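Here the structure comes first, spelled out in structure tokens, and everything after it is commentary.
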2 protein chains.
Amino acid sequence: MRILGIDPGLNATGYGVVELDGSEVRHVASGTINIPSARPLPTRLNLLFEALREVFDQYHPDEVAVENTFLAKNVAVALKLGQAKGIALLVAEQGKLPVAEYTPTEIKTAVTGYGAAAKEQVQYMVGRLLRLDVEATTHHATDALATAICHLHTALPRHATTSMAATRRIAHA
Amino acid sequence: MRILGIDPGLNATGYGVVELDGSEVRHVASGTINIPSARPLPTRLNLLFEALREVFDQYHPDEVAVENTFLAKNVAVALKLGQAKGIALLVAEQGKLPVAEYTPTEIKTAVTGYGAAAKEQVQYMVGRLLRLDVEATTHHATDALATAICHLHTALPRHATTSMAATRRIAHA
């Protein structure tokens with residue numbers, strides 16, 4: 001079972017692919033799609049569409065999880081975020097893949113056990129769980145990986161609970 | 001010169017095609033794309049994508065104008081609007097068509113000469129200018145037609161000024 005997590009943004013969209021291997025969650029790939037902000041908006045949206053399609057084609061996820069940041073600072077930011085998120089959902093739908101959305105609180109709870117966890121705490125846990133050097137990974141990519149882990153935890157509790165709970169104990173130790 | 005105007009919305013997206021014929025603005029087609037709100041969001045976005053593609057394929061516009069309602073009531077509404085607008089811009093970009101965005105104030109000013117005009121006033125002027133029975137047209141479709149007219153007025157002042165100015169005089173008579 002391979003999950004693609006997406007942290008959508010108009011300037012930078014993070015993606016993270018994880019795989020459930022027995023009861024272990026394994027890091028497959030992650031990265032950031034940077035969209036030049038000087039380009040016209042329609043071009044930027046299409047660049048994001050094409051780049052996400054490449055990620056789908058390269059990693060063949062079984063399911064997709066998208067971070068739903070509805071707590072945008074203001075309406076202008078929300079409009080921009082909505083555009084990027086819409087593209088992510090569209091690409092998943094066109095790939096005929098199941099797609100779920102998770103709020104930041106759900107993602108933080110799934111990864112750290114605490115819905116108001118700091119960004120650094122999420123990063124730390126993602127690194128711990130996936131044996132990944134998060135210092136070498138962008139915030140967008142770790143957020144995307146956290147979203148994918150959240151989906152495993154939420155949608156596949158049978159498989160994922162053991163390793164997630166174990167990891168959470170480490171975090172709180 | 002054929003312009004496709006789009007009034008994007010997640011439940012209902014209006015479209016309107018107008019053509020500049022000499023100094024006359026002519027109504028080619030208009031309508032509303034209704035998206036069943038019970039369907040999952042990714043499906044709705046893809047239904048909108050496919051429906052807009054059909055409109056593009058059917059009417060072959062030369063340029064596209066999209067209403068940019070950044071004055072959404074709140075962040076949740078803005079996120080939804082953003083998703084729909086993102087799809088509209090993406091379809092235009094993938095069709096390699098020039099696309100411009102206009103605020104409601106710009107559209108109202110172009111069509112009625114008054115940026116704070118009431119919805120009914122915009123409808124009336126669209127009907128007048130295009131010799132169209134606006135009673136038989138949805139608000140979304142007339143908004144889309146107004147957006148297309150705004151683009152003609154803004155992007156092609158050489159061609160459009162005469163008839164637009166004449167029509168505006170009628171409105172204020």
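A short reminder: the numbers here are calculations on the coordinates, not readings from a lab. Being a predicted model, the structure only gives us computed values, none of them experimental. Positions of Cβ are backbone-derived with ideal geometry, glycine not excepted, and every protein chain shown enters the neighbour counts.
Listed by chain and number, the lysines placed with their C-alpha closer than 26 angstrom to that of A:LYS73 are A:LYS85, A:LYS108, A:LYS119, B:LYS73, B:LYS80, B:LYS85; residues fewer than eight positions away on the same chain are left out. For B:SER37, the distances from its label point to the matching points in the remaining copies are 3.5 nm, ordered from shortest, with each point set 7 Å beyond Cα toward Cβ. The long axis of helix B:157-172 is offset from the longest Cα principal axis of chain B by roughly 80 degrees. The orientation-averaged shadow of the Cα convex hull for chain B, equal to a quarter of the hull surface, comes to 9.4 nm².
If you take the alpha carbon atoms of the protein assembly as shown and fit the smallest convex hull around them, that volume is 126 Å³ per residue. Kindly identify the stretch B:34-88 as rounded, prolate or oblate by the Cα gyration tensor criterion: order the square roots of the eigenvalues as a ≥ b ≥ c, call it rounded if a/c is under 1.5, otherwise compare a/b with b/c, prolate if a/b is larger, else oblate. Taking the square roots of the gyration eigenvalues as a ≥ b ≥ c, the stretch B:34-88 is oblate. Summary for A:LYS96: label point 7 Å along Cα→Cβ; distances to the equivalent points in the other copies, ascending, 2.9 nm. Let me know the shape class of the stretch A:58-115, please: from the alpha-carbon gyration tensor, a ≥ b ≥ c as square roots of the eigenvalues, rounded when a/c is under 1.5, otherwise prolate if a/b is greater than b/c, or oblate. Note, shape of the stretch A:58-115 comes out oblate. Would you please classify the overall shape of the stretch B:16-115 from the alpha carbon gyration tensor, given that a ≥ b ≥ c denote the square roots of the eigenvalues, rounded means a/c under 1.5, and beyond that prolate means a/b larger than b/c while oblate covers the rest? It is oblate, given that a/c is not under 1.5 and a/b is not larger than b/c.
What separates the A:LEU156 label point from its copies, with the point 7 Å along Cα to Cβ, is 5.5 nm, written shortest first. Taking label points 7 Å from Cα along the Cα-to-Cβ direction, B:THR105 and B:HIS60 give a separation of 3.9 nm. The GNM of chain A, with springs linking C-alpha atoms under 10 angstrom apart, assigns the highest mean-square fluctuation among A:HIS140, A:HIS153, A:HIS60 to A:HIS60.
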